[in-house]
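What follows is a single structure, written as structure tokens, with notes after it.
The values are calculated or read from the model by the stated rules, or taken from the named source; none is laboratory data. All values reported here derive from a predicted model rather than from experimental measurement. Cβ sites come from the backbone with ideal geometry, for glycine too, and all protein chains shown count toward neighbours.
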Amino acid sequence: MARVLNFSAGPSALPEAVLKKAADEMLDWQGTGQSVMEMSHRSKAYESIIKKTEELLRVTMQIPEDYHVLFLQGGASLQFHTIPLNFLTKTKKADYVQTGAWSQKAVEEAQKLGDINIVGSSKDKKWSYLPALTNVNDDADYFYYCYNNTIEGTQFHQVPKVKAPLITDISSGILSQPFDVSKHAVVFAGAQKNLGPAGVTITLIKKDFTDRIPGGLPAMLDYKTHIDNGSMFNTPPCYAIYIVGLVLQHIQDLGGTGPLYDANQQKAKLIYDFLDNSKYFYSPVEKSVRSLMNVPFLTRVADPEASEAVNKKFVKEAEAVGLVNLAGHRSVGGMRASIYNAIPVAGVKKLVDFMAAFEKANA
Ligand SMILES: Cc1ncc(COP(=O)(O)O)c(C=O)c1O
């Protein structure tokens with residue numbers, strides 16, 4: 001069976017080598033006579049898997065020694081609540097920059113627990129840019145931003161320069177390029193983009209930042225519980241963690257995030273150059289803040305109904321030639337190509353060729 005080129009925003013394409021390795025090991029993981037899915041999480045075999053996965057993550061992301069690495073459940077969405085619950089505890093004020101749907105959800109959760117100061121919002125122009133920061137509080141418990149906006153296609157190419165400890169959601173940017181963990185107090189990501197399958201979320205916490213976690217939190221929502229138990233307070237998402245380990249080993253085999261970053265830059269250039277030169281398609285996102293991973297695009301067809309029909313036609317015809325999951329997010333419309341690590345440069349070339357042919361036939 002031919003595999004498609006999957007441009008889904010998440011869950012999304014995984015490296016074929018990883019899927020093959022998982023298939024090879026499905027019935028018998030390294031002579032244990034069991035699948036990783038069937039193993040006790042307290043077994044020596046599984047302990048070695050989670051330990052190795054953490055080691056690989058530390059090496060690949062260059063996570064400093066003074067950070068905890070947690071494998072959690074509940075998705076990135078649960079972190080939206082767990083973060084303020086654990087860290088909005090001193091001045092009970094935090095700064096958030098609103099750059100799209102995911103940071104908005106994070107704001108809504110944090111507002112249930114404290115005084116949230118919006119230090120910038122790009123809502124006025126449909127999230128197509130990153131706002132300047134105003135009224136930043138030096139004494140905020142933390143400053144929160146979404147590193148890469150999966151739906152809207154913007155990305156912080158520089159870490160915000162603020163005094164408060166930084167917390168960021170890197171769900172859709174993780175492992176796409178070098179990332180400086182050490183500038184942040186907390187970094188988190190749902191796995192289901194560049195890291196692995198859905199079901200596990202990684203959270204990195206600077207060790208001295210845990211001082212401010214209050215007592216008496218519900219056990220599962222208390223980061224200390226997971227720190228003290230090595231992410232094994234309860235049954236972890238064993239199989240998802242195992243696949244994350246395979247993905248990380250694969251990245252190491254390729255030479256780390258450096259070569260991936262090179263390929264990702266080539267891919268992004270191919271598609272953005274095409275969009276900027278097209279008379280039919282365009283990128284709605286301000287050039288300087290365009291995402292390396294998620295590329296929304298629209299057509300210049302002005303009439304809303306005709307435009308919607310063209311979008312549908314595009315997605316359908318693309319699917320027929322093996323380019324799948326190109327519909328834009330329902331809140332934005334248009335199209336979106338998520339060009340995560342597992343999409344090769346040749347895959348983006350194929351997409352761009354298809355777009356050129358579609359333009360010729362429909363413009
Ligand atoms: C940037 C970002 N944050 C958070 C989420 C929510 O993740 P989850 O579905 O794992 O809760 C997503 C999902 O796509 C995302 O892209």
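Tabulated results
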| quantity | calculated |
| --- | --- |
| Inter-residue pairs, beta-carbon under 7 Å, first without any contact (Cβ under 8 Å) to a residue 40 or more places away in the chain and part of a helix (DSSP H, G or I) and in region 94-108, second of a type outside the set (G, A, S) and near the ligand (Cβ under 10 Å from one of its atoms), 6+ apart | K105/F80 |
| Residue match in region 39-53 (condition: under 20 Å from the mean Cα position of the chain (by Cα), more than 23 Å from P11 (Cβ to Cβ) and either at pLDDT 95 or above or within 16 Å of the ligand (Cβ to nearest atom) (or both)) | no |
| Helices (runs of 4 or more DSSP H) lying entirely in region 185-284 (those with 1 or more residues that are of a type in the set (D, E) and either within 25 Å of A45 (Cα to Cα) or in contact (Cβ under 8 Å) with a residue 24 or more places away in the chain (or both)) | 223-228, 238-254 |
| Failed criterion for N341 (all others in (1) buried (at least 20 other Cβ atoms within 10 Å of the Cβ); (2) touching a strand residue (DSSP E or B) at 6+ places or on another chain (Cβ under 9 Å) hold) | (2) |
| Check on T91, assigned by TED's automatic domain parsing to the domain that holds A198 and either crowded, with 24+ Cβ neighbours inside 10 Å or touching a helix residue (DSSP H, G or I) at 6+ places or on another chain (Cβ under 8 Å) (or both) | no |
| Condition broken by Q30, with the remaining ones in (1) without any contact (Cβ under 8 Å) to a residue 60 or more places away in the chain; (2) touching a strand residue (DSSP E or B) at 6+ places or on another chain (Cβ under 8 Å); (3) polar (S, T, N, Q) satisfied | (2) |
| Single match in A45, A22, A9 (criterion: buried (at least 16 other Cβ atoms within 10 Å of the Cβ) and in the same structural domain as V244 (by TED's automatic domain parsing)) | A22 |
| Hits in region 324-345 - residues which are part of a loop (DSSP other than H, G, I, E, B) and among the hydroxyl-bearing types (S, T, Y) | S331, Y340 |
| Which numbered condition E65 fails, given (1) of a type outside the set (G, A, S); (2) farther than 30 Å from E317 by Cα; (3) within 16 Å of the ligand (Cβ to nearest atom) | (3) |
| Count - residues of region 164-182 that are over 13 Å from the mean Cα position of the chain (by Cα) and farther than 23 Å from L85 by Cβ | 3 |
| Lone qualifier among V289, V285, V244 - being within 25 Å of the chain's Cα centre (by Cα) and over 30 Å from K206 (Cα atoms) | V285 |
| Selection within region 68-78 - outside any loop (DSSP other than H, G, I, E, B) and within 16 Å of the ligand (Cβ to nearest atom) | L70, F71, L72, G75, A76, S77, L78 |
| Unmet criterion (only one of (1) in contact with a Phe, Trp or Tyr (Cβ under 6 Å, 6 or more places away or on another chain); (2) away from the ligand (no atom under 13 Å from the Cβ); (3) without any contact (Cβ under 8 Å) to a residue 40 or more places away in the chain; (4) of a type in the set (A, V, I, L, M)) for V162 | (3) |
| Verdict on F179 being crowded, with 24+ Cβ neighbours inside 10 Å, modelled with pLDDT of 95 or more and not β-branched (V, I, T) | no |
